[in-house]
Structure formats: C-alpha cells, structure tokens
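> First the structure, which I've put down as structure tokens, then a few questions once you've had a look.
The values are calculated or read from the model by the stated rules, or taken from the named source; none is laboratory data. The structure displayed is predicted, hence computed values, not measured ones. Here Cβ is always computed from backbone atoms with ideal geometry, including for glycine, and neighbour counts include all displayed protein chains.
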Amino acid sequence: MLRLAASLITPPDDSGMAEQGGLGVRQSRSVIDFDAFLANGFVRVRGIPADRIGACHEVLLDAATAGRSPGSPVARLRWPRTDLFRGVATSPALTAAYDELIGAGRWTTPDLTGGTLVARFPSDVAPSDAGWHIEGNWSNGTEYCTNIYSTGRGLFALFLFSDVTLDDAPMGMLPGSHLLVPDVLAPHGSAGMGGNALIRSMDPRVLCRQASYATGDAGDVYLCHPFLIRTGTWPHRGKSVRLAANLKIEAEAGFILDGSDPSPVARTIVAGLSTNSPVQSHFAS
C-alpha cells in the first residue's frame, strides 16, 4: 500500500466523534451510533471487558518490550492466540456490534491471525507505517488489494490496550473518506485495486481533510468501515508505551450493492457510489 506522509494535526476534540445526519438507519436499542458510523466511517465502543484489560496490558507490554529492536519507535507483534485474547475479540459488546454493522451470521469469528499489535514507544523518530492508506484484503503478490464489494473484510477494528491521548501517537482517520473510495474502486469490479493505485487515484484534496484521532481509554475499540482512510502518526510525546492492536473482522462474501443489503457497511458503500458508476449502472440495468 502507498503511504503518503502524514503530519499530526490536532483535531477540534479528543474523540473525533461527530453527530451528523445519517442515511435513515434506526438507532433504537442499539450498541452502535449508526449516524456517526455512516457519516464518519468509524465508531468507538467500550468493547474490552474491564476484568481483562489489566491482564492484556501486562502480556502485551512484556511482549512489546522484549520484541522491540534497539532504538526503534515501534514494535509489531502478532495477537497472542490465547483464551484471554480470544475472549477480548469476541466480547458480548463487540459481537453485538459486529452483528449490527455487518449482519448476524455474515462475519467470521476472529482467529487472531489477521491482526497486529502495534506498540509505539515515546520517540520523535518517524515510524515506517505513517502514511494514508486503507486496509487490503488479499495479496496480488506485490501489494494488498480490495474491491468495491469489500470481499473478505467486514470491518477494521482497533483495540486500545492502554490509555491513548493526542500525545501518544494515536491512529489518524479521515472522517467521511469511506464515502469517497467507492467511486474509485467501482470501475475495477471484483478484481479490485492495490492500495498504491487506489491512493494515487484519490482526489489529493481528500488527504488534506481535517483528521480525527483514535484516542480513548484502555478497553475502547474503534470499529472502522473497511474503506476508511487512516494512518499511523508521530511523534509520540507521551510518557508511556502506546499499546493498540488491529484486527480484521472477516466477511468472506463481502457486501451486496443492489440496495437490498441493510447492513450499515453496505449502505455506506452504496451511498458513496455516483449514479453513473459502473456498479450502479449494472444494478439499474
């Protein structure tokens, strides 16, 4: 994936949340703020059980410290495939959220192989993963790709295992960018595009939008639309190691884009398609 250099731009608030009108999705008896997800492309939920946060933090901090290369600002590790972390990825709050955003029975229970722990240590050194990108779902041998149907991915999830402030190099996100990606992907159909080509094809003004940041308390989880443009940031001017882990929430078949798929992920893809896009033209014919 192409990563264009990102700078740390202070957002107007600490959460990046916005209350904006949505696309007609009801919010009653829901664990998700649908309007925020549809408008911004992400929501923050209290997803990690309180009685597991301390144990997870201890395990991950020890692993990150041991796995860090001397002087490196970042240590990257795989999710520990233990019952403790399996329980975190499938907590009641999160499984309810997966059901609401993707659809019950349409996502695969995470096996923890499709995610990475990213530990960022206090440092002014720029990390190698800083640059705007979206997550790919399969490799073409050169880079990771995705398609208009988001085949293979239902959500991108970011788990905070430590408190994260604006000083702690939080993940940057471009609110609303998920609505601008569908028209770029649509002409490529099921074959999709690599991350490099996709970012190059975006209107450069998109990458100049005001960013929001994944700040919050240990135990918070950001659930992001698969087309949300995001980046790592620097510098880390906090005092503690920032512990966060990303996880792919799989949706093997992707999403249906003829208007019949009620899931918020599908509805935002359809909302982002121009009326003259190849996908819209196909379903209208």
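> For the range 146-176, which positions are aliphatic (A, V, I, L, M) and in contact with a His (Cβ under 8 Å, 6 or more places away or on another chain)? Before you say what the answer is, go through the steps one by one.
Filtering the range 146-176 for residues aliphatic (A, V, I, L, M) gives 148, 155, 157-158, 160, 164, 166, 169, 171, 173-174.
The answer is I148, L155, A169.
> Hey, another quick one. Given the criteria surrounded by fewer than 16 Cβ atoms within 10 Å (Cβ to Cβ) and aliphatic (A, V, I, L, M), does L166 qualify?
yes
> Any residue at all in the range 139-153 that's more than 18 Å from H225 (Cα to Cα), of a type in the set (F, W, Y) and in a loop (DSSP other than H, G, I, E, B)?
The answer is no; no qualifying residue exists.
> Right, something else. Is at least one residue of the range 181-203 in contact with a Lys or Arg (Cβ under 6 Å, 6 or more places away or on another chain) and in a loop (DSSP other than H, G, I, E, B)?
No, that holds for no residue.
> For V88, work out the one condition from (1) modelled with pLDDT under 95; (2) of a type in the set (V, I, T); (3) within 28 Å of D167 (Cα to Cα) it doesn't fulfil.
Against the list (1) modelled with pLDDT under 95; (2) of a type in the set (V, I, T); (3) within 28 Å of D167 (Cα to Cα), V88 comes up short only on (1).
> Counting only residues that are assigned to a loop (DSSP other than H, G, I, E, B) and touching a residue at least 40 places away in the same chain (Cβ under 8 Å), which one in the range 73-95 is surrounded by the most Cβ atoms within 10 Å (Cβ to Cβ)? Don't jump to the end; show me each part of the working.
As a first pass, look at the range 73-95 and keep what is assigned to a loop (DSSP other than H, G, I, E, B): 73, 79-82, 90-91.
From what's left, touching a residue at least 40 places away in the same chain (Cβ under 8 Å): 73, 79, 91.
Values: P73: 20, W79: 22, S91: 18.
Once the filter is applied, the top-ranked residue is W79.
Residues are listed down the side, and each one gets a yes or a no for (1) modelled with pLDDT of 90 or more; (2) surrounded by fewer than 20 Cβ atoms within 10 Å (Cβ to Cβ):
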{"residue": "S30", "(1), (2)": "no, yes"}
{"residue": "A36", "(1), (2)": "yes, no"}
{"residue": "G47", "(1), (2)": "yes, no"}
{"residue": "S69", "(1), (2)": "yes, yes"}
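> From the list T90, T142, which residue is β-branched (V, I, T), out of contact with any helix residue (DSSP H, G or I) (no Cβ under 7 Å at 6 or more places or on another chain) and over 29 Å from L273 (Cβ atoms)?
When all the criteria are applied, what remains is T90.
> Would you be able to say whether some residue in the range 111-131 is surrounded by fewer than 20 Cβ atoms within 10 Å (Cβ to Cβ), free of Cβ contacts under 8 Å to residues at least 40 places away in the same chain, under 28 Å from F34 (Cβ atoms) and of a type in the set (S, T, N, Q)?
no
> Checking Y98 against (1) among the hydroxyl-bearing types (S, T, Y); (2) part of a loop (DSSP other than H, G, I, E, B); (3) under 21 Å from P49 (Cα atoms), which single condition isn't satisfied?
(2)
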